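See structure below.
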Amino acid sequence: MDMLPKCPANYVPLSPISFLSRAATVYGNRNSVIYGRTKFTWRETHQRCLRLASSLRSLNIVKNDVVSVLAPNIPALYEMHFAVPMAGGVLNTMNTRLDAKNIATILQHSEAKVFFVDYEYVPMARDALRLLVTEESLIPFVIVIDDIDSPTGIRLGELEYEQLIHDGNPRYTPEPLADEWDAITLNYTSGTTSKPKGVVYSHRGAFLSTLSLVLQWKMGDEPVYLWSLPMFHCNGWTFTWGVAARGGTNVCIRNTCAADMYRAIFEHKVAYMCCAPIVFNILLEAKPAERRRLVSPVEILTGGAPPPAALLEKIEKLGFHVTHAYGLTEATGPALVCEWQAKWDQLPRHEQAKLKARQGISVLTLAEVDVKDLDTMISVPRDGKCVGEIVLRGSSIMKGYFKDPEATAKAFKDGWFVTGDVGVIHPDGYLEIKDRSKDVIISGGENINSVEVEEILYKHPSVLEAAVVAMPHPRWGETPCAFVRLRKREEGEKGEVKEGDIILYCRKNLPHFMAPKKVVMKEELPKTATGKIKKFELREEAKGFSVSESNINQKTPQSRNQRSQYTHQQPMEQAVMAMSRL
């Protein structure tokens, strides 16, 4: 059997761009893209992508050349997910919240040959290009994407996107992919660290990840999908290709605001959308005039920061059905999905919300997921209590970090990709993240998972968003510090929520050593463009705080003697905890 040959009849390299030609053939007359007044069918989208690929080739884009784009969720950005690899290039979608310096850094590091810029971001792009000129770096060829519905005439350079489409060849034939290990996209990490790294995806990894998510999310026929998740985030968690695979409709919106999302859901009968938990708050905080009644349930796949059970319960009451996923840029987006089990339907709503907040089981094409002690690489017991490092392996894991072999080698250990996240595995095999390794707070030798404290904060009726980080403590070394954004008070609502109220609430619902010793109220919490709270910024801010006796000795229903007794019990509790980890 080993002598049977591999040939073009029985082996074709895997690539998600194959989904487009199939969609054009099978679903040719279905709507592929809707954006304002603009609508395309799959046949038209296929032709536009061929034209764009042809034009890119005429601009001397060849294999492995990087094509960067700075744009919101518009048809052009969707089309480039197919057209750029069709031309042999590697697509680099940029975070639209980056500043000029970061944009320049990515253009320089990626050595981008072509730079597409949405008209709205021309001023930012111009500043970034000036920085490149100052540093005598390679200047990419710049092309502006004007608004397809209402052209503005804004330009940066001579060419405009629709001109490339017009001039391209609709009968262009892409060269066959020789190796499915070839790079398809280059995504820079979202910026929760000071030095974002370039993550390289392969055609094979993108193809397999796409199929996994379409299958496990049970995406039905002709799905109508709302682009509330930025396409620049892990290529829209691969749904840029996945919607084509199902012959669905991409509903594009420039801004992820409540009015636009509700309007799109109502007008186009949206059935699917992805988002970070921050979007839940946008939907929940919508004004009455912005809301539309949901005529049928909308499936939401959410990821990013672990959504608190209380938040999941609130959003589902509006008519959204939430599936929780876990992933990261290096894993081509979601690597785990909290696959729902029918027997859980009989549980109370709050118990269902707790189960949904877990990160779940591996996507179908991920070979394996585990939680290990990184020192020994031994798996932790599957008891839902013993914590360890979450590790992954499979074809959907990145090829590596672009031009950074040292970081690549560090990320891969003993045949596993080390995520940097801390978690547990429950007896049923479902994984639950507890924290980022760097976000664990060590207080008096005891580990405090910031996520657990945040879960309690989100249950407070006045808290809309919360983040917990370590703050210096003169006795315990570190102690929790909470940053919160309060919900807007209703007209006529009495009683202003103060720091002491929230601390007292936490002390009633948590072991006292886990309760925040300081609570900072903020109008907004700093976030990345993907909705992740920038804890590194909050940690820096917390370093400047100190714990006073008034913070430590908050009034509680317990007597001073009871608090003293609890303090004396801590060493014994720590000893028991330490033994449980052996």
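No value in this document is a laboratory result; all are computed from the given coordinates. Since we're looking at a predicted model, the values are computed, not measured. As a convention, Cβ positions derive from the backbone with ideal geometry for all residues, glycine included, and neighbour counts pool all protein chains shown.
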Q) the chain: percent of C-alpha pairs farther apart than 45 Å? A) 19 percent
**Q.** Contact order relative to length of segment 203-270, as percent, for alpha carbon pairs under 8 angstrom and 6 or more apart
**A.** 37 percent
Q. Of Lys434/Lys459; Lys317/Lys385; Lys314/Lys518; Lys403/Lys434; Lys459/Lys518; Lys354/Lys413, which ones are farther than 21 Å apart at the Cα?
A. Lys317/Lys385; Lys314/Lys518; Lys403/Lys434; Lys354/Lys413
Q. Placing +1 at every Lys and Arg Cβ and -1 at every Asp and Glu Cβ, with all other atoms neutral, what dipole size does the chain have around its Cα centre, in debye to the nearest 20?
A. 1040 debye
Q.
At q = 0.23, 0.25, 0.26, 0.27 Å⁻¹, what log₁₀ I(q)/I(0) does segment 93-167 have when each alpha carbon counts as one equal point scatterer in the Debye sum?
A. -1.05, -1.19, -1.26, -1.32
Q. Cα-based Rg (one decimal) and Dmax (whole number) for segment 198-252, in Å?
A. 11.0, 35
Q: Answer with one residue from Ala128, Pro516, Thr105: the one whose Cα lies farthest towards the positive end of the charge dipole of the chain, charges on Cβ with Lys, Arg +1 and Asp, Glu -1.
A: Pro516
Q.
For segment 277-333, compute the orientation-averaged projected area of the C-alpha convex hull (one quarter of its surface), in nm².
A. 4.3 nm²
Q: With a/c under 1.5 counting as rounded, go ahead and sort segment 225-340 into rounded, prolate or oblate using the C-alpha gyration tensor (a ≥ b ≥ c being the square roots of the eigenvalues; past the cut-off, prolate if a/b is larger than b/c, else oblate).
A: oblate
Q: Just the number, please: percent antiparallel of the DSSP beta bridges in the chain, rounded to the nearest 5.
A: 60 percent
(Q) Just to confirm my numbers, what's the Cα centroid distance between segment 115-158 and segment 31-99 in Å? (A) 16 Å
Q: Enumerate by residue number the trypsin sites (Lys or Arg not before Pro) in segment 250-316 meeting two conditions: DSSP loop (anything except H, G, I, E, B), and at most 10 other Cβ atoms within 10 Å of the site's Cβ.
A: Arg293
Q: For segment 61-211, give the magnitude of the charge dipole about the Cα centre (Cβ charges: +1 Lys/Arg, -1 Asp/Glu; no others), in debye to the nearest 20.
A: 500 debye
**Q.** Positive-end residue, the chain charge dipole about Cα centroid, Cβ charges, pick of Val270, Leu211, Ile502
**A.** Ile502
